[in-house]
Amino acid sequence: MTLNDVPVPAPNLLGNQGDGMQLVFNVVAPAFLVGLAAVSVGIAQAALEAAVEHAKERHYADGSDLAGLAVIQDYLAEMSIVTQSARQLVREAARAAAAGEEAALPLVMQAKVAATDGAATVTELAMRVGGGIAYSRGLALERHWRDAHAGAVMAPTNEVLKGWLGKLLAGLPLF
């Protein structure tokens, strides 16, 4: 739909005329980006749980299980650390945004990047834990991997957010 020359009465404006970018960055973006980051943390958590379950259930002919291998233990530990780190950043960003703190916008940007990149890292490690079977639809790992990679390219992409975050940190205007 395209609307041209449609008058909007002053009482129907959201904010003041010319406040559009401020509304986007202070109202719309925090809710959307924190929500997307939270979804990514959920994907990472689901992948971690699926990988742990697979590692415990997968047995070799000698009776040992995949979870007994040091490399698998390292993968699971790394997945746990990345997931929990992203979760804490998302919680802090959500808290700051809800409180209307000035530091909320950079935290929200950091949370989206950390959570989506973290979910991609966690799901890639989960795929290693799952081995060849992880690429089939028999395990949930393949789906988690696909879902995790979508977050980084959802607008604004992680590259755009990093550029904006760098500008904010350097004290430069976003636009």
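Search the structure for amide H atoms under 5 Å from the amide H of ALA152, placed 1.01 Å from N in the peptide plane, and list their residues when 5 or more places away or on another chain.
Under 5 Å from the amide H of ALA152 lies no amide H from a residue far enough along the sequence or on another chain.
Which order do peptides 94-100, 2-8 fall in by mean Cβ count within 10 Å, highest first?
Per-residue mean Cβ counts within 10 Å order the peptides as 94-100, 2-8.
In Å², and per residue, what accessible area does the chain have when probed at 1.4 Å with the other protein chains present? Please report the intermediate quantities before stating the final value.
On the way: 10210 Å² over 175 residues.
Solvent-accessible surface per residue comes out at 58 Å².
Hey, if we sort LEU36, LEU13 by accessible area with the 1.4 Å probe, largest down, what's the order?
Putting LEU36, LEU13 in descending order of accessible area: LEU13, LEU36.
Helix-only estimate, please: 222 nm mean residue ellipticity of the chain, summing -39500 (n - 2.57) across DSSP H runs of length 4 or more and dividing by its residues, to the nearest 500.
-22500 deg cm²/dmol
Taking Cα extents along the principal axes in Å as the quantity of interest, determine which of (1) 72, 46, 30; (2) 76, 37, 24; (3) 43, 34, 31 was computed from the displayed structure.
Matching entry in (1) 72, 46, 30; (2) 76, 37, 24; (3) 43, 34, 31: (2).
Within the range 133-175, what whole-number % of the accessible surface is contributed by carbon and sulfur, with the 1.4 Å probe and all protein chains included in the calculation?
For the range 133-175, the apolar C and S fraction of the accessible surface comes to 67 percent.
Got a number for carbon plus sulfur as a percent of the range 1-129's accessible area, 1.4 Å probe?
Exposed carbon and sulfur together represent 57 percent of the surface.
Among the aspartates and glutamates, select those whose C-alpha is under 17 Å from the C-alpha of LYS167, and discard any that sit fewer than 8 residues away in the same chain.
Correct list for LYS167: GLU102, GLU159.
The values are calculated or read from the model by the stated rules, or taken from the named source; none is laboratory data. Because the structure is predicted, anything quoted here is derived from the model rather than measured. With ideal geometry, Cβ positions are generated from the backbone for all residues, glycine too; neighbour counts draw on all protein chains shown. Surface accessibility is based on the protein's heavy atoms, side chains included, excluding ligands, DNA and RNA. Shrake-Rupley method; radii C 1.70, N 1.55, O 1.52, S 1.80 Å.
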